[in-house]
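Notes follow the structure.
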Amino acid sequence: MFAKEDVNYSLYLVTDSTMLPPGTTLCSQVEAGLKNGVTLVQIREKDIETGNFIEEALDVQKICKKYNVPLIINDRIDVAMAIDADGVHVGQQDMPIPMVRKLLGPSKIIGWSVGKPSEVETLAKWGPNMVDYIGVGTLFPTLTKKNPKKSPMGPQGAIAVLDALEEYKATWCRTVGIGGLHPDNIQRVICQCVATNGKRSLDGISLVSDIMAAPDACAATVRLRGLLDRTKYRFVDCELNESFPTADSIKSVISQVSDNRPLVQHVTNKVHQNFGANVTLALGSSPIMSEIQSEVSELARIPNSSLLLNTGSVAPIEMLKAAINAYNEVNRPITFDPVGYSATETRLCLNDTLLTYGQFACIKGNCSEILSLAKLNKDKMRGVDASSGKNDIALLARATQIVAFKYKTIAVCTGEHDFIADGTFGGEYKLSSGTSGVAAEDLPCVMIENGSIPIMGDITASGCSLGSTIASFIGGLDPTGNLFDAVVGAVLLYKTAGKLASTRCQGSGSFHVQLIDALYQLFHENKPEKWSASLKKF
Ligand SMILES: Cc1nc(C(=O)O)sc1CCOP(=O)(O)O
Ligand SMILES: C=C1C=NC(C(F)(F)F)=NC1=N
Ligand SMILES: [Mg+2]
């Protein structure tokens, strides 16, 4: 018998006997998993004769006992009772939980599939003696679950479920993420799926095909175990440690950019392309405006590559996903600019999909975009106009911190005042205890201002080209360079150049030219201590 608090949910194998590679059996795959770090097993058979199920379950149970790992039966309470399994897992449409508990008694483990906060409210009402853990999913698209009823919720959907557990005080309830989990997304899921109060993250991940369909289930499990036992999520090859930027640290960033001449791949809207390329060149970097899916992996592998993904681009979503994958795969940075984030249903859906799909070094938006990303948009904000400059400074700072926290990224909110918050937590992540109670409002956040520069709003691509500046600075960092310094340095430079250009220009046409000149001069002069824009810790 297993004491419930001793159950280790970290690597939870759910079996499937319909995807076994030649030369393997259900038991050989399960044993390979158990030998290499699987901590919990669930037998799941959708259409099988009861007699065969019992036989199979007894075989698997013998192996689990050998490794002292609990065995859970999916759906079939009768089979679980017949073989005295350690528990069951049921879905929303299966036998109601209170009945399952009545049949199994208090010491058995009961798991429940949960896809939304309202289901958490229900389990919380049942109290601590009913549901012991929940499967939070479907996180990503998967072919394993036939006739999928739920559309993929992504890490943000899982966060909503974790928040509901905290809101309804279901502190006893453990959680595993499930659905389309593989080595390329597991660290990101554990790192991002943290309750907004910072008090809990997933207790583990649960998967089927990554092990059951693996020709070498030992190697597959070893790889998964390694990812779960690591505590650092290196999604860019530069430093993520939280530091307060200084003139010297920014001077150092500019020297690195100047020496390393980063390749900045722009996937962006047509209007921004030309100006963005010129801004990038002014910053000693080399732009490439490519939306060709087949070359994105090669570009990502060029030293000091950096991707600027501006979703005003009309490139097909498959290309955008390929670009995110390519840069994430080689730990090169992506700057994400969700243009018009929630202005239309189309943009909301596109941006939400892309945000679910990869890890971004920096997410930059204007007030409206950041307030929407933080889910602080209009309906939540009585009487504050999210699109004009009249926004409450504290609200914008908070929204920037919330976006930084939700996506574990450097968030930038542009406007009369620019805000930059560091939600990377140094790339540190851990199962179960989240960020140890550190919440969005505790994140390092700075405000940059330089008085109003009205003409900035009168030219095209001024916001988008801040994206080019950030992508250049991040891309140009040495491995010892600091991500937060680079983003803050880029925004400080851009705001200083904007102010300088506005005093030199005769109108919006010459402002474009003056802005590029100012960026060029300030960059090559590299004296941040003389810049007019002010930096304040929030
Ligand atoms: C068994 C199961 N339940 C899901 C849910 O969302 O509740 S998704 C799923 C299948 C997960 O398989 P794979 O790891 O191969 O993607
Ligand atoms: C449908 C399911 C959802 N989640 C889980 C688990 F991961 F175990 F919680 N198992 C299932 N069979
Ligand atoms: Mg924008």
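Values quoted throughout were computed directly from the atomic coordinates according to the rules given, and no laboratory measurement underlies them. Here the structure is a predicted model, which means the values were calculated and not measured. Quick reminder, even Gly has a Cβ in these numbers, built from the backbone with ideal geometry, and neighbours come from all protein chains shown.
Structure notes:
- Footprinting exposure proxy for LEU26, LEU522, LEU58 (fewest neighbouring C-beta atoms within 10 Å first): LEU58, LEU26, LEU522
- For the pair ASN325 and GLN92 in one chain, pulling the backbone fully straight at 0.36 nm per residue adds 80.5 nm over the alpha carbon distance.
- Taking 0.36 nm per residue of separation and subtracting the current Cα-Cα distance, fully stretching the chain between SER28 and ASP237 would add 71.4 nm.
- At an R0 of 25 angstrom, the distance between the Cβ atoms of LYS125 and LYS430 translates into a FRET efficiency of 0.25.
- For the chain, the longest principal axis of the Cα atoms and the long axis of helix 50-66 meet at an angle of about 70 degrees.
- Amide H partners (placed H, <5 Å) of LYS430, local residues excluded: none
- Where only C-alpha atoms are counted, convex hull volume of segment 4-230 per residue in Å³: 114 Å³
- Here the 3J(HN,Hα) profile of segment 260-265, calculated from phi with Karplus coefficients 6.51, -1.76 and 1.60 at θ = phi - 60°, is 8, 6, x, 8, 9, 7 Hz, Gly and Pro shown as x.
- Likely footprinting exposure, ILE48, ILE72, ILE334, fewest C-beta neighbours within 10 Å first: ILE48, ILE72, ILE334
- Protection-proxy order for peptides 64-70, 76-82, each taking the mean of Cβ atoms within 10 Å per residue, highest first: 76-82, 64-70
- The order of ILE83, ILE393, ILE402, going from fewest to most other C-beta atoms within 10 Å of their C-beta, is ILE393, ILE83, ILE402.
- Label positions at GLN293 and VAL438, each projected 7 Å from the Cα along the C-beta direction, are separated by 3.9 nm.
- Cβ charges +1 (Lys, Arg) and -1 (Asp, Glu), total dipole of the chain, debye: 600 debye
- Highest-first arrangement of 7-16, 237-246, where packing means the average Cβ count within 10 Å: 7-16, 237-246
- Dimensions in Å of the chain - Rg and Dmax from alpha carbons: 25.4, 86
- Inter-label distance, SER534 to THR346: 4.3 nm, where each label sits 7 Å from its Cα along the C-beta direction.
- With a simple spin-label model that places each label point 7 Å from the Cα along the Cα-to-Cβ direction, the separation between HIS524 and CYS218 comes to 6.1 nm.
- Amide H partners (placed H, <5 Å) of ILE410, local residues excluded: CYS362, ILE363, GLY423
- Net lengthening on full extension, ASP259/LYS150 (0.36 nm per residue, minus Cα-Cα): 34.3 nm
- FRET efficiency for the pair ASN197 and PHE244, taken as 1/(1 + (r/R0)^6) with r the Cβ-Cβ distance and R0 = 25 Å, rounds to 0.50.
- Relative contact order (percent, whole number), the chain, Cα cutoff 8 Å, 6+ residue spacing: 15 percent
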